[in-house]
Structure formats: C-alpha cells, structure tokens
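Step one of this worksheet: look at the structure below.
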Amino acid sequence: LPPRATPYTDDEIRAAIGEARFVLELITTRFADKASATPAEVLADAFNNHGLVIGPVVSNVFQYNLDKLHAKITTPSGALFATVQPHPSGNPMNSLRWLVHFLNGRGHGLKAGQVVTTGSYAGIVDAPLNTPIHVELGGFGVLDVELITAVR
C-alpha cells in the first residue's frame with residue numbers, strides 16, 4: 001500500500017493482506033526495577049516490547065467475527081486467562097485502517113512482508129518462565145511456547 005493522494009478503501013486494504021497470522025507479543029522490561037524507569041528510559045526500552053512470536057497462518061480470517069474472540073492461556077498447572085474478550089479497537093480492521101490512513105497522510109505506506117499487529121484479545125498476561133504455555137484464540141489459532149530464562 002504505497003502512499004497516494006486518495007485514501008485506500010477497506011476492500012483495497014483487505015486485498016493487500018498477504019496472510020493473517022496468530023501472533024503473540026512478548027512484553028517485558030530490561031529494568032530490574034521497572035517502576036523507577038523514566039519515560040525516556042521506557043521509550044528506549046521499546047515500551048516493554050520484547051518481541052513477537054509469529055504463529056500459524058489463519059486461513060479465511062475474514063470469515064470469523066473478529067469483534068470478540070475467546071482467548072485462553074494455560075500452563076500445566078492451570079489457566080492463566082480464559083474469557084471472551086472484545087478487540088480493543090472494536091475489530092482488527094479498525095486498527096489496520098487507521099494505520100494505513102495515518103501513514104498515507106504522512107507520505108508513507110506499507111510494504112509486502114511487513115508484520116502489522118492490530119491489538120490483543122487478552123491484554124498483558126503474566127506468564128511463568130521455563131513452563132510450557134498453550135494459547136488458544138477463537139477456535140482458529142493455537143500456539144505452544146515456552147519462555148526460557150536467558151543464560152548470562
């Protein structure tokens with residue numbers, strides 16, 4: 001979606017989506033005492049964004065009602081999170097549409113291969129390290145991960 005003088009339509013934005021994937025955003029800080037970090041330090045810490053786990057492709061994503069999805073996060077010792085949750089912007093397309101128009105209005109666009117995240121159905125969930133974690137989203141995505149303590 002290169003920049004252009006006219007706004008993109010929803011149909012054009014949908015047509016430009018190469019694939020939708022189930023993505024897990026890892027949120028953590030590099031500060032031992034995160035409460036003492038200044039706003040500039042939090043910015044330098046990428047607002048606690050540690051990375052993304054890019055999971056499986058979600059086929060036919062627009063056939064689902066994406067306004068609300070059941071999100072479930074479990075470990076061998078039980079559920080960490082399990083509820084039907086609305087999308088923070090009402091629907092992921094609202095977030096993507098906003099981004100496309102925001103970038104286009106500033107002379108920027110999106111390129112093939114870029115990953116765009118559109119919001120979380122679960123928010124921030126504290127997850128244990130060194131423990132298998134099973135994440136299910138809306139019946140169309142499953143992701144199994146284990147967050148390992150870094151060896152220094």
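The values are calculated or read from the model by the stated rules, or taken from the named source; none is laboratory data. All values derive from a computational prediction rather than experimental measurement. Reconstructed Cβ throughout: ideal geometry from the backbone, glycine too, with neighbour counts over all protein chains shown. Surface areas here come from the heavy atoms of the whole protein model, side chains and all, with no ligands, DNA or RNA. Shrake-Rupley method; radii C 1.70, N 1.55, O 1.52, S 1.80 Å.
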Q | Per-pair calculated FRET efficiency, R0 = 25 Å: Asn65 and Val125 via Cβ, rounded to 0.05 | A | 0.65
Q) How long, wide and thick is region 1-145, going by the Cα atoms along their three principal axes, in whole angstroms, largest first? A) 51, 40, 24
Q: Give the angle, between 0 and 90 degrees and rounded to the nearest 10, that separates the Cα long axis of helix 92-104 from the longest principal axis of the Cα atoms of the chain.
A: 60 degrees
**Q.** Rounded to the nearest 20 debye, dipole of region 1-151 from Cβ charges on Lys, Arg, Asp, Glu
**A.** 360 debye
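How far, in nm, would the chain grow between Glu25 and Leu43 when pulled straight, counting 0.36 nm per residue and subtracting the alpha carbon separation?
Working: separation 18, 0.36 × 18 = 6.48 nm, distance 1.70 nm.
Stretched out fully, the Glu25 to Leu43 stretch lengthens by 4.8 nm.
Volume per residue, Å³, of the convex hull around the alpha-carbon atoms of region 41-118? The partial results should precede the final answer.
Values: hull volume 12.8 nm³, N = 78.
Each residue corresponds to 164 Å³ of Cα convex hull volume.
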Q.
Which residue, Gly138, Phe62, Leu110, has the largest displacement toward the positive end of the dipole of the chain when charges sit on each Cβ (Lys, Arg +1; Asp, Glu -1)?
A. Leu110
Q: Considering only protein heavy atoms, with the full assembly of protein chains and a 1.4 angstrom probe, order Tyr64, Tyr8 by accessible area, largest first.
A: Tyr64, Tyr8
Q | Integer Hz, Karplus 6.51/-1.76/1.60 couplings in order for region 105-120, x for Gly and Pro | A | x, 10, x, 10, x, 10, 10, 3, x, 6, 9, 10, 9, 10, x, 10
Q: Can you tell me the relative contact order of the chain? Whole percent, Cα pairs under 8 Å, sequence separation 6 or more.
A: 26 percent
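Which value at 222 nm does the chain reach when only helices count, each DSSP H run of 4 or more adding -39,500 (n - 2.57), with the total divided by all residues and rounded to the nearest 500 deg cm²/dmol? Walk me through the numbers on the way to the answer.
Numbers: 3 runs with 26 residues, N = 152.
Dividing the helical sum by the residues of the chain leaves -5000 deg cm²/dmol.
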**Q.** Rounded percent of accessible protein surface that carbon and sulfur make up, the chain, 1.4 Å probe
**A.** 55 percent
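Rounded to the nearest whole Å², what accessible area per residue is found for region 16-69 with the 1.4 Å probe? Intermediate results must be reported in sequence, preceding the final value.
Details: 3720 Å² over 54 residues.
With the other protein chains kept in place, region 16-69 gives 69 Å² per residue.
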